[in-house]
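This report refers to the structure that appears directly beneath it.
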Amino acid sequence: MPDGLLGSWNPTTVDERLDRMESYAAIQQLASRYARWLDARDMDGVVSLFSPDVQVGSDGRGRVALRSWLSALMSQMRTTVHLVANHVIDFQDADHATGVVYCRDELERPAEGKWLVGTLQYWDEYRRVGGKWCFDRRRIHRWYLVDALERPGPGHGVNAFADIRERLLPDSYPTWAAFWDTTCG
């Protein structure tokens, strides 16, 4: 757990503190713009939010590879709605941070005749490159993804897309098992 409310890095000067505040706002915009541009299918906008050397799957690297992968994924859905909510940001130093972004997503899959609804978190790593904050890595952790007419349950629809490896929430939290082991064990 980070030492302070904004992570383990504690700026010592006024300029550093101001930079951290501006950086916080810039990082929040990454998550909001990602959702908006993904829903608008502005793939150039989406990939511009990532570091130039972003890792894509196990074999790809860079924004061109990311654009290709995202375009193939998003072509499986007609309409999407990503509503971002809570966003926790922890700074490691002036140019590196991590974050967790809550998201409610809705995905129209006409080929299946479904409108899916779900909740997830993005577990992010951020890096400042050339003075600009970028996603360095995004991992998806999901509670559920079900058709809008179905009642969700733990893990329903996790890994519904072959192109995305999602981790199951709340089991992904390191504190989850420890809580139940000490409370019920």
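Considering Glu125, Glu150, which residue is surrounded by 12 or more Cβ atoms within 10 Å (Cβ to Cβ), over 18 Å from the mean Cα position of the chain (by Cα) and among the acidic types (Asp, Glu)?
Just one listed residue meets the conditions, Glu150.
Could you please find all residues in the range 81-95 being in contact (Cβ under 8 Å) with a residue 24 or more places away in the chain and surrounded by fewer than 16 Cβ atoms within 10 Å (Cβ to Cβ)?
Answer for the range 81-95, where residues must be in contact (Cβ under 8 Å) with a residue 24 or more places away in the chain and surrounded by fewer than 16 Cβ atoms within 10 Å (Cβ to Cβ): Val81, Leu83, Gln92, Asp93, Ala94, Asp95.
Listed here are the residues, each with its yes/no results for (1) more than 26 Å from Tyr24 (Cα to Cα); (2) in a loop (DSSP other than H, G, I, E, B); (3) out of contact with any strand residue (DSSP E or B) (no Cβ under 7 Å at 6 or more places or on another chain); (4) not small (Gly, Ala, Ser).
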residue	(1), (2), (3), (4)
Trp143	yes, no, no, yes
Glu150	yes, yes, yes, yes
His156	yes, yes, no, yes
Ala160	yes, yes, no, no
Ile164	yes, yes, no, yes
Asp171	yes, yes, yes, yes
Number of positions in the range 128-141 that are assigned to a strand (DSSP E or B) and more than 10 Å from the chain's Cα centre (by Cα): 6
Matching entry among Ser23, Ser58, Ser71 (being surrounded by fewer than 16 Cβ atoms within 10 Å (Cβ to Cβ), out of contact with any Leu (no Cβ under 7 Å at 6 or more places or on another chain) and closer than 29 Å to Tyr173 by Cβ): Ser58
Subset of the range 128-185 [modelled with pLDDT of 85 or more, under 23 Å from Ser68 (Cα atoms) and aliphatic (A, V, I, L, M)]: Val129, Ile140
Tyr126 vs. criteria aromatic (Phe, Trp, Tyr) and without any contact (Cβ under 8 Å) to a residue 60 or more places away in the chain: no
From the options Arg109, Arg78, Arg139, residue that is among the charged types (D, E, K, R), touching a Pro at 6+ places or on another chain (Cβ under 9 Å), more than 17 Å from Met21 (Cα to Cα) and without any contact (Cβ under 8 Å) to a residue 40 or more places away in the chain: Arg78
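The values are calculated or read from the model by the stated rules, or taken from the named source; none is laboratory data. If you're wondering where the values come from, they're calculated on a predicted model, not measured in any experiment. Methodologically, a virtual Cβ is constructed for each residue, glycine included, from the backbone with ideal geometry; neighbour enumeration extends over all protein chains shown.
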